[in-house]
Amino acid sequence: MSAIRLLVLGAVRMHGRAHGYQVRNDLEFWGAHEWSNAKPGSIYHALKQMAKQGLLLAHEVAPSAVGGPPRVEYEITDQGTAEYLTLLRQALTSYDQKMDMLSAGIGFIVDLPRAEAVALLKERISGLEQWRAGVTRYYMPEEGPEQLGHIGEIMNMWVHSADSEAAWTHSLIGRIEGGAYTFAGEGEPFVGVLADDEPNPFATGPHPEDHR
């Protein structure tokens, strides 16, 4: 699974219509360039590729005042929305994907109904528990990982990571079941994107006006 596809589709969906610089600015605002492959080149490539695939609709708007080419704004299609929701649900349930995919899923979790979000997170915990039971049965000697020499520390690290992920997910479920956050169908959602003219305090550097 690709976190960049989920991130870009989610950002465009939150705006309604967005150009490349807006999407880039949002992902930098969320810090996604630090915990995923959401770098400028990847973002613009994803926008163009998903437009070719019918997930996004590209609109050319008026050229800039400085004489550049027309700016392209993107809008998510019905097919793109279906792909977005599929990726989101996979991100929240799959225990074996990279952390950037889970991070992207958590960032958009409120686009789902509260009960579904909880059910998906519980499914993730179940997967973690099954994986843990399997690896400890076959790869963790009763005497401890030391019986495999230093190689045993590899599986020891993964087991501890699984335990930590499960504990964190349980705590998140508790907060959600306790009423935290505004989920789909519950009212006005949290606004997590910047306005077009709103400065980004976490920008990685000056950006010229974007026309891609």
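Details
- Pairwise FRET efficiency - His59 versus Trp131, Cβ, R0 = 45 Å, nearest 0.05: 0.55
- Taking the fewest neighbouring Cβ atoms within 10 Å as the starting point, the ordered list for Thr169, Thr81 is Thr81, Thr169.
- The residues Asp111, Asp100, Asp26, when put in order of fewest to most other Cβ atoms within 10 Å, stand as Asp111, Asp100, Asp26.
- For Ser36, Ser161, order by how many other beta-carbon atoms lie within 10 Å, fewest first: Ser161, Ser36
- Computed from label points 7 Å out along Cα-Cβ, the spacing between Ser171 and Ala115 is 2.8 nm.
Read-outs throughout are calculated quantities, based only on the coordinates presented, and are distinct from any laboratory measurement. Quick caveat, the model's predicted, so the values are computed rather than measured. Using ideal geometry, Cβ is built from the backbone for each residue, glycine included, and neighbour counts are taken over all protein chains shown.
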